[in-house]
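I have placed the structure first, in the form of C-alpha cells, so that the comments after it can refer back to it.
The values are calculated or read from the model by the stated rules, or taken from the named source; none is laboratory data. Please read all numbers here as calculations on a predicted model, not as lab measurements. Backbone-built Cβ (ideal geometry, glycine too); neighbour counts: all protein chains shown.
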Amino acid sequence: MDTPKITAYLKTTCGWSAGVRAVLAKYNLPYTEKDIIQNPAFRWEMETKSGQPLSPCIEINDKMLADISGDEVEEYLIENKLVQTNAADAGAPTNAPCALARLFEPAATALLRPVAWLPPDVKPIHEPEPLPDPSLGVNAAAVDTLIVAVVVAGAK
C-alpha cells in the first residue's frame, strides 16, 4: 500500500481533533497538521477547501473529508484500502466532543438561538448553524461565535 498524503485541519485542544490524531498515530500515518486555532490562515484554507466552517477536516490524497471524527477517518481509510484493519486501541477516544463544547453546551443552547444578544456593533465571524437536537451537543461554529462575542463584549 502506498502511504496516503494527509493534511489535517485540527484545533489545538479538541476531542474530535484528538481522535483524528489518535487514529493517524494508530496506523503510523505521516500527516501535515494545520492548527486552525494557532493560525487563522489555516482556518480560512480549511473553510475554502471544505466549503464549511466545522472541524476537524482531513484531506487524504486530495479528497476533503469535512467535519469528521477519528472513527470516520478510520472507516474511510479502511474502506478505501489505504490501511488494513488494526484492532489495537487508538490510545484516546476517537469520537468525543471538545471539552469546551461540553462546558458551554447549556449556555450555548440558551444563547445561540438567535444571535440577537450580540451588541449591535459586534458582528460574529460567521453565523452559527442551527443547533441540532440538543442531546447531540453544540456545534463548533456556535461555540467559536460565543467565545468571540464574550471576549469582544468583555473588552468594551
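For residue 40, are the conditions met, namely being surrounded by fewer than 18 Cβ atoms within 10 Å (Cβ to Cβ) and at pLDDT below 95? Before the answer, list the steps.
Details: surrounded by fewer than 18 Cβ atoms within 10 Å (Cβ to Cβ): yes; at pLDDT below 95: yes.
Judged against the criteria, residue 40 is a match.
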Go through the stretch 43-62 and give me each residue that's surrounded by fewer than 19 Cβ atoms within 10 Å (Cβ to Cβ), closer than 21 Å to residue 22 by Cβ and over 14 Å from the mean Cα position of the chain (by Cα).
-> 61
Looking at (1) more than 16 Å from residue 19 (Cβ to Cβ); (2) surrounded by fewer than 19 Cβ atoms within 10 Å (Cβ to Cβ); (3) modelled with pLDDT under 85, can you tell me which one residue 138 breaks?
-> (2)
Any residue at all in the stretch 85-98 that is modelled with pLDDT of 90 or more, touching a helix residue (DSSP H, G or I) at 6+ places or on another chain (Cβ under 6 Å) and in the same structural domain as residue 19 (by TED's automatic domain parsing)?
-> no
Looking at (1) modelled with pLDDT of 95 or more; (2) not in a loop (DSSP other than H, G, I, E, B), find the lone condition where residue 29 falls short.
-> (2)
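Which members of the stretch 21-31 meet the condition of being surrounded by 15 or more Cβ atoms within 10 Å (Cβ to Cβ) and in contact (Cβ under 8 Å) with a residue 60 or more places away in the chain?
In the first step, residues of the stretch 21-31 are kept if they are surrounded by 15 or more Cβ atoms within 10 Å (Cβ to Cβ); the result is 21-24, 26-27, 29, 31.
Answer for the stretch 21-31, where residues must be surrounded by 15 or more Cβ atoms within 10 Å (Cβ to Cβ) and in contact (Cβ under 8 Å) with a residue 60 or more places away in the chain: 21, 22, 23, 26.
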Which residues, counting only those in the stretch 73-85, are touching a Ser or Thr at 6+ places or on another chain (Cβ under 9 Å), in contact (Cβ under 8 Å) with a residue 12 or more places away in the chain and either closer than 23 Å to residue 97 by Cα or among the β-branched types (Val, Ile, Thr) (or both)?
-> 73, 74
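In the stretch 32-64, which residues are part of a helix (DSSP H, G or I), farther than 14 Å from residue 12 by Cα and touching a residue at least 12 places away in the same chain (Cβ under 8 Å)? Even if it seems obvious, please write down each step before you answer.
Going through the stretch 32-64, the residues part of a helix (DSSP H, G or I) turn out to be 40-50.
With the extra rule that they be farther than 14 Å from residue 12 by Cα, the set shrinks to 41, 44-50.
Correct list: 45, 46, 49, 50.
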